[in-house]
Amino acid sequence: MLKPGDLVEVIAPASRCSEDDLSTLRCLLTSWNLECIIEKDIFGDDLLCANNDENRFNLLKKALFRKETKAIICARGGYGSMRLIPNLLKLSPPQTPKFFIGMSDITALNLFFQQQWGWSCIHGALNSIKYSNASIQAVKAMLFGEVSTVEFNGVPMNAHAETDNIIEATMTGGNLCLIQSSIGSAWQMDARNKIVLLEEIGERGYRIDRMLEQLIQSKILDGALAIFIGDMIGGNEPNGDSKIEPVLERFAETCEIPVARFHGVGHGHTNFPVPLGTNVSLQLGSNIRCTCSTN
């Protein structure tokens, strides 16, 4: 748990955010009475990312091993996290785990830290310009230990989810595109005996279907206990319609494990944080409730 006066660090392991967003994030953390480190060279010249691979990795490594800090907050997602993993594989984990907060492209790092280092991570973001105040306050409550659990109410998407049952497990996953990208890599998602979170933004129905189909054919979901589908934002067809919901419904019907739908997790204005790698209790049936431990 954090407490007032603790030191936290903001990094950009993927894409660059705006200077306004970075300044707003610093002000937010300062308003919580936290001391905030943002390195002067957080941004630099690169073809696609916030900085070149070497600098982004060095800043990530410095944040991971800086003994004084208790939390690492990713400024945004975008693209580039997976490019840092070959060098991360060469490191041994620090003696003391830290809060690690990020989502979207940061899914690559979340999966790595969970599976290689045994860390729990927070699938969430601290962007008070983009996300609702309730979402931001939920992250704060989690960081400062004001809550011991968080709950999400959902609806069943297949018959397996409609059957009264309780699944006790941990949760993994995150952004669907990044989970697809993990296939065949050193950080490939390990879904065995876990609940899998899937969320996405800006992908049309056929692309969502393609990614889900690859998860099935690659057998990356084999051994999973349930699937937690968060928000799938945007992705309308050229005529303004969306095929995402029927795609998800067809996917759910083909699954031999419970699939449930939850809103308020993902890239929407309401974006509640989800602890990954902690104990989860998933109550199935007509009224689904997912209770996640925050530590």
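The values are calculated or read from the model by the stated rules, or taken from the named source; none is laboratory data. It should be emphasised that the depicted structure is a prediction, and the values quoted were computed from it without experimental measurement. Don't worry about glycine lacking a Cβ; one is built from the backbone with ideal geometry, like all the others, and counts go over all protein chains shown.
Here is how the numbers come out for the structure above:
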item: Within the stretch 249-295, tally of residues that are under 17 Å from I227 (Cβ atoms), of a type in the set (F, W, Y) and not in a helix (DSSP H, G or I); result: 1
item: Any hit, the stretch 89-96, residues being in contact with a Gly (Cβ under 8 Å, 6 or more places away or on another chain) and within 20 Å of S15 (Cα to Cα); result: no
item: Qualifying residues in the stretch 72-116 (those that are part of a loop (DSSP other than H, G, I, E, B) and of a type in the set (A, V, I, L, M)) - the one nearest to C27 (Cα to Cα); result: A75
item: Some residue of the stretch 59-78 being in contact with a strand residue (DSSP E or B) (Cβ under 8 Å, 6 or more places away or on another chain), surrounded by 18 or more Cβ atoms within 10 Å (Cβ to Cβ), farther than 15 Å from I101 by Cα and modelled with pLDDT of 95 or more; result: yes
item: Set G234, G268, G277: member being at pLDDT 95 or above, among the small types (G, A, S) and out of contact with any Asp or Glu (no Cβ under 8 Å at 6 or more places or on another chain); result: G277
item: Some residue of the stretch 24-32 being at pLDDT 95 or above and touching a Phe, Trp or Tyr at 6+ places or on another chain (Cβ under 9 Å); result: yes
item: Among the residues listed as L34, L22, L48, the single one being touching a residue at least 40 places away in the same chain (Cβ under 8 Å) and assigned by TED's automatic domain parsing to the domain that holds I101; result: L22
item: The stretch 213-248, residues that are surrounded by 14 or more Cβ atoms within 10 Å (Cβ to Cβ), within 20 Å of L284 (Cβ to Cβ) and not hydrophobic (A, V, I, L, M, F, W, C); result: G230
item: Test: residue in the stretch 175-184 that is in contact with a strand residue (DSSP E or B) (Cβ under 7 Å, 6 or more places away or on another chain) and either modelled with pLDDT under 95 or not aliphatic (A, V, I, L, M) (or both); result: yes
item: Residues of the stretch 155-178 satisfying the condition of being crowded, with 23+ Cβ neighbours inside 10 Å and not in a helix (DSSP H, G or I); result: M171, T172, G173, G174, N175
item: Count - residues of the stretch 181-202 that are closer than 17 Å to Q116 by Cβ and either not assigned by TED's automatic domain parsing to the domain that holds D222 or not basic (K, R) (or both); result: 11
item: Selection within the stretch 143-192 - more than 21 Å from L212 (Cβ to Cβ) and charged (D, E, K, R); result: E146, E151, D164, E168
item: Hits in the stretch 259-276 (condition: touching a Ser or Thr at 6+ places or on another chain (Cβ under 8 Å), crowded, with 20+ Cβ neighbours inside 10 Å and not polar (S, T, N, Q)); result: H267, F272, P273, P275, L276
item: S128 touching a His at 6+ places or on another chain (Cβ under 7 Å) and either in the same structural domain as G78 (by TED's automatic domain parsing) or free of Cβ contacts under 8 Å to residues at least 60 places away in the same chain (or both); result: no
item: Residue within the stretch 79-89 that is among the aliphatic types (A, V, I, L, M), touching an Asp or Glu at 6+ places or on another chain (Cβ under 9 Å) and more than 24 Å from M142 (Cα to Cα) present; result: yes
item: Residue list for the stretch 179-196, filter: of a type in the set (A, V, I, L, M) and assigned to a strand (DSSP E or B); result: I195, V196
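Here is a yes/no grid of residues against (1) β-branched (V, I, T); (2) free of Cβ contacts under 8 Å to residues at least 24 places away in the same chain:
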{"position": "E54", "(1), (2)": "no, yes"}
{"position": "L60", "(1), (2)": "no, no"}
{"position": "A63", "(1), (2)": "no, no"}
{"position": "A75", "(1), (2)": "no, no"}
{"position": "R83", "(1), (2)": "no, no"}
{"position": "T96", "(1), (2)": "yes, no"}
{"position": "F100", "(1), (2)": "no, no"}
{"position": "D105", "(1), (2)": "no, no"}
